[in-house]
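Worksheet: the structure to be examined is printed underneath.
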Amino acid sequence: MQPQMVMYDEEFQQISGVCERLAREANAKIVFLVDKNGQLIASVGATENLDTTSLASLTAGNIAATGGLAKLIGEKEFSILFHEGEKDNLHISIIGGRVILVVIFDTRSSLGLVRLRVKKASDELNKIFDGLMKKVQVPAPGRRSPKSPTTTSTTSSASSEAPPE
């Protein structure tokens, strides 16, 4: 299981913009981004009649399963998966080993166009996530990074004293 990702509004807006542009430029019906734990990060397109929570977790499971297959044949992972249906197709790609980008498209687009636009979007998303990871670098024990978000605990025995550093 991957560690939880911290997302800031600035990066979320950038990620959403990349997904919206990808959907438009690839003539996709839906584009969504999922972490490897199956948590939906962003989605754009015709998602109103779609169970995005299930789709996100099943996508992560699909990546995990094909990762097992890859290891059996000596590969690290399969970074791109394609599922062809009668009406809709799924293009699934791993971005920077961190997140999963899913593009759902039909006959209004083609696999070649989707692959081309996904490549461009992947590069943009990698830059955003690299910047995000630098922003939330885990500091050395006993020190807090000035850019780290403050987390609070909501327990019934909350104390006003800060833990010793």
| query | In region 107-125, what residues are among the aliphatic types (A, V, I, L, M) and surrounded by fewer than 19 Cβ atoms within 10 Å (Cβ to Cβ)? | reply | L111, L113, L116
| Taking region 5-51 as the region of interest, how many residues are under 16 Å from I128 (Cβ atoms), small (G, A, S) and surrounded by fewer than 15 Cβ atoms within 10 Å (Cβ to Cβ)? | 1
| note | Of (1) surrounded by 15 or more Cβ atoms within 10 Å (Cβ to Cβ); (2) polar (S, T, N, Q); (3) out of contact with any Asp or Glu (no Cβ under 9 Å at 6 or more places or on another chain), S54 fails just (1)
| message | Suppose we filter I104, I63, I92 for residues that are surrounded by 14 or more Cβ atoms within 10 Å (Cβ to Cβ), aliphatic (A, V, I, L, M), on the phi < 0 side of the Ramachandran plot and at pLDDT below 95; which single one remains? | response | I63
| field | Hits in region 1-53 (condition: within 17 Å of K120 (Cα to Cα) and assigned to a loop (DSSP other than H, G, I, E, B)) | value | A26, N27, A28
| request: Kindly indicate whether any position in region 79-88 is in contact with a helix residue (DSSP H, G or I) (Cβ under 8 Å, 6 or more places away or on another chain), crowded, with 20+ Cβ neighbours inside 10 Å, assigned to a strand (DSSP E or B) and not hydroxyl-bearing (S, T, Y). | output: no
| Residue check: is L72 of a type in the set (A, V, I, L, M, F, W, C), over 24 Å from D123 (Cα atoms) and without any contact (Cβ under 8 Å) to a residue 40 or more places away in the chain? | yes
| field | Matching residues, region 57-88, being closer than 15 Å to V31 by Cα and touching an Asp or Glu at 6+ places or on another chain (Cβ under 7 Å) | value | D88
| field | Residue that is nearest to I63 (Cα to Cα) [pool: residues in region 95-132 that are small (G, A, S) and in a helix (DSSP H, G or I)] | value | S122
| Residues located in region 83-133, provided they are more than 13 Å from L22 (Cα to Cα), in contact (Cβ under 8 Å) with a residue 60 or more places away in the chain and over 12 Å from the mean Cα position of the chain (by Cα) | D106, R108, G131, L132
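The values are calculated or read from the model by the stated rules, or taken from the named source; none is laboratory data. Model, not experiment: these values are computed from the prediction. In this analysis, Cβ positions are derived from the backbone assuming ideal geometry, glycine residues included, and neighbour counts consider all displayed protein chains.
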